[in-house]
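A quick write-up on the structure given underneath.
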Amino acid sequence: MNKRLSTALSAIVLLAFAGCAATPEPAPPAPAPAPAPAPRALPTPPPPPAPAPAPKAEKVTTASTVNFDFDRYVIRPDARSKLDDLVGKLRNVSLEVVIAVGHADRLGSDAYNMKLSVRRADSVKAYLVSKGVAASRIYTEGKGERQPIKDCKGSGKTKELIACLEPNRRVETEAVGSVTK
């Protein structure tokens, strides 16, 4: 009986091992993923402050007229004070442009008066630059004798005629810019 028992036990053991190898135990189910954490509510930042209203720029135009001696383009002392006043008015102005237009009286040739009127405008520009106005903002032009503002009788170079024509020997200066208010 021993032999039979041992054979039966051997068969059971073999069957047990064979059964284990043939039918694996099912793997346990994978654990369910952890639920995603609820999003954190961040505090709402306050809205940005409204931009301050832009300051308004107001256009400014100022002008000055200076006269010259007969056949000269050197700035006279009375003209310097007028140009100094003009520069003073431009201190708080964001300058866009200064236009200096030179003129001459009718005495002399057209070509000579044209050159003289340009020299007068250029002398005003040089003076304004010496007072701190940017040269790149100043434009000059000569009109010669084409735009007189006073008509006088006479044809010779008399003292009376030269004195009468003085208003025509001028540089008209106009400055344009803006002031922030």
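Tabulated results
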{"read-out": "Amide hydrogen neighbours beyond the local backbone of residue 60, cut-off 5 Å, H modeled", "value": "177, 178, 179"}
{"read-out": "Whole-number percent relative contact order across the stretch 73-147, with pairs defined as alpha carbons under 8 Å at least 6 apart", "value": "41 percent"}
{"read-out": "Total lysine pairs under 29 Å (Cα atoms) in the stretch 49-137, excluding pairs fewer than 8 apart on one chain", "value": "13"}
{"read-out": "Set of aspartates and glutamates with alpha-carbon distance to residue 157 below 15 Å, sequence-local pairs under 8 removed", "value": "69, 71, 105, 166"}
{"read-out": "Whole-angstrom gap from the stretch 65-82 to the stretch 87-151, using each part's C-alpha centre", "value": "11 Å"}
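Every number in this text was worked out from the coordinates using simple rules, so none of it is lab data. As the structure is a computational prediction, the values presented were derived from the model and not from experiment.
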